[in-house]
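Remarks on the structure that follows.
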Amino acid sequence: MTKKEQLYEGKAKKVFTTEDPSLLIVSYKDDATAFNGLKKGTIAGKGIINNRMSNALMRMLEKKGIPTHYVEELSDRDTLVKKVSIVPLEVIIRNIAAGSFSKRYGVDEGLVFDSPTIEFSYKNDALGDPLINEYHIVAIGLADPTEIYTIKRYAFAVNEIMKEFWASCGVMLVDFKLEFGKLADGTIVLADEISPDTCRLWDSVTKEKLDKDRFRRDLGGVEDAYHEIMKRLEEHISEA
Ligand code: ADP
Ligand code: UDP
C-alpha cells in the first residue's frame, strides 16, 4: 500500500490516503508541541519510537479484545490504519494526580487514586480543547450516550491492560489520552496513538519522568527518556 495524497498535517503526524478508500497511512514526525501549540520543538527520533510503540501497544490491546484502527506497520515512521471518523474528544484516564489535574484542583503531583478517573476534552484547537461533560457531549452532538458508554468501557479496559504491562516494565502509568473513531458502519475503535507523547510514564522506583513532560517542562534528557521507555517496552512485550 502506498501514499496517494496528503489529507492532513497535524502537530505530530501526517495522514495520507491510499488506493483503498477505507485505509489511511499515518506518518510520524519528530515535531513536538506543548501548551496548545505555543511551545514548539523537535525530539530526534521521536517519530520512529512513537510509531513502533503505538503499534506494539495496539497489537497487544487487540489481542486482549480492544478493537483498534491498527492494520500494519509499513516502515519506521509509517503505519497503515483503518480510516475512521474521529470522535472529537480527548479521553483522559488518570491513576495518579499530575499536570492539569493537579493544577486545577490544587493536588500534589503523585497522589495515587484509589480508583482511576476519566474526563473528556472537546478536541478543538481554536477553543483550546476545553473540558466537557457527558451531557454537553450529547447536547452538541459529538457522540450519543451509547457511544459514550462504549468509549468509557474501552478506555478503562485499556487502562487495566496498560497498567499491568507498564508495571512489568518497572513503570507507573500515571495518566494518558486516547482518541476513538467510528468505522463506516459506526463501530467504535481506538484510534490515533499511544506513546510517551500521550501518556505520563514514571519509573516505579525513582519516579523519573520517561515521557513528554521532559520536553514540556525543559527537564533535559528528552531523547534519552524516549529511548529508555522504548527499550523497556521491547524487553517486556510479548509479540507471540
Ligand atoms: P493533531 O491533529 O492534534 O495535531 P496529529 O499530528 O497526531 O494530531 O495528527 C493526526 C490526526 O489524525 C489527528 O487529528 C487524529 O485525530 C487523526 N487520526 C488518528 N487516527 C486516525 C484514523 N484512523 N483515521 C482518521 N484520522 C485519524
Ligand atoms: N494529553 C495529550 N494530548 C493533549 C492533552 C493531554 O496526549 O492534548 C495527555 C498528556 O500527555 C497526559 C494526559 O493526557 O498524559 C493528561 O494531560 P493533562 O490534562 O494533565 O494536561 P497537560 O498537563 O498535558 O496540559
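The values are calculated or read from the model by the stated rules, or taken from the named source; none is laboratory data. On a predicted model such as this, the values are computed, not experimentally measured, just so you know. Positions of Cβ are generated from backbone atoms using ideal geometry, with glycine treated the same way; all protein chains shown enter the neighbour counts. Only protein heavy atoms, including side chains, enter the accessible area calculation; ligands, DNA and RNA are left aside. Shrake-Rupley method; radii C 1.70, N 1.55, O 1.52, S 1.80 Å.
Here are the numbers for the structure shown:
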item: Positions within the range 178-194 being assigned to a strand (DSSP E or B) and not hydrophobic (A, V, I, L, M, F, W, C), in sequence order; result: Glu179, Gly181, Lys182
item: Options Lys46, Lys63, Lys83, Lys103; residue that is more than 16 Å from ligand 1 (Cβ to nearest atom) and within 30 Å of Glu239 (Cα to Cα); result: Lys63
item: Residues of the range 169-201 that turn out to be free of Cβ contacts under 8 Å to residues at least 40 places away in the same chain and crowded, with 20+ Cβ neighbours inside 10 Å, as a count; result: 3
item: Residue among Asp218, Asp197, Asp175 that is within 16 Å of ligand 2 (Cβ to nearest atom), part of a loop (DSSP other than H, G, I, E, B) and either farther than 14 Å from Leu57 by Cβ or over 13 Å from the mean Cα position of the chain (by Cα) (or both); result: Asp218
item: Within the range 31-67, considering residues that are among the basic types (Lys, Arg) and within 16 Å of ligand 2 (Cβ to nearest atom), the one most open to solvent (accessible area, probe 1.4 Å); result: Lys40
item: In the range 130-141, the residues that are open to solvent by less than 40 Å² (accessible area, probe 1.4 Å) and within 16 Å of ligand 2 (Cβ to nearest atom); result: Ile132
item: Every residue from the range 216-231 that is open to solvent by less than 40 Å² (accessible area, probe 1.4 Å) and within 16 Å of Ile48 (Cβ to Cβ); result: Val222, Ala225, Tyr226, Ile229, Met230
item: Residues within the range 87-110 that are free of Cβ contacts under 8 Å to residues at least 24 places away in the same chain and either in contact with a helix residue (DSSP H, G or I) (Cβ under 8 Å, 6 or more places away or on another chain) or part of a strand (DSSP E or B) (or both), tallied; result: 4
item: Residue match in the range 197-206 (condition: farther than 28 Å from Gly10 by Cα and basic (Lys, Arg)); result: no
item: Neighbours by Cβ (under 7 Å, 6+ apart or cross-chain): first from the range 1-30, open to solvent by 60 Å² or more (accessible area, probe 1.4 Å); second outside any strand (DSSP E or B) and modelled with pLDDT under 95; result: Lys11/Gly37; Glu19/Met1
item: Residues satisfying the stated conditions in the range 21-35, i.e. in a loop (DSSP other than H, G, I, E, B) and within 27 Å of Lys82 (Cα to Cα); result: Pro21, Ser22, Lys29, Asp30
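Condition check ((1) away from ligand 2 (no atom under 16 Å from the Cβ); (2) outside any helix (DSSP H, G or I)) across all residues:
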| position | (1), (2) |
| --- | --- |
| Thr117 | no, yes |
| Ala143 | yes, yes |
| Ala155 | no, no |
| Glu160 | yes, no |
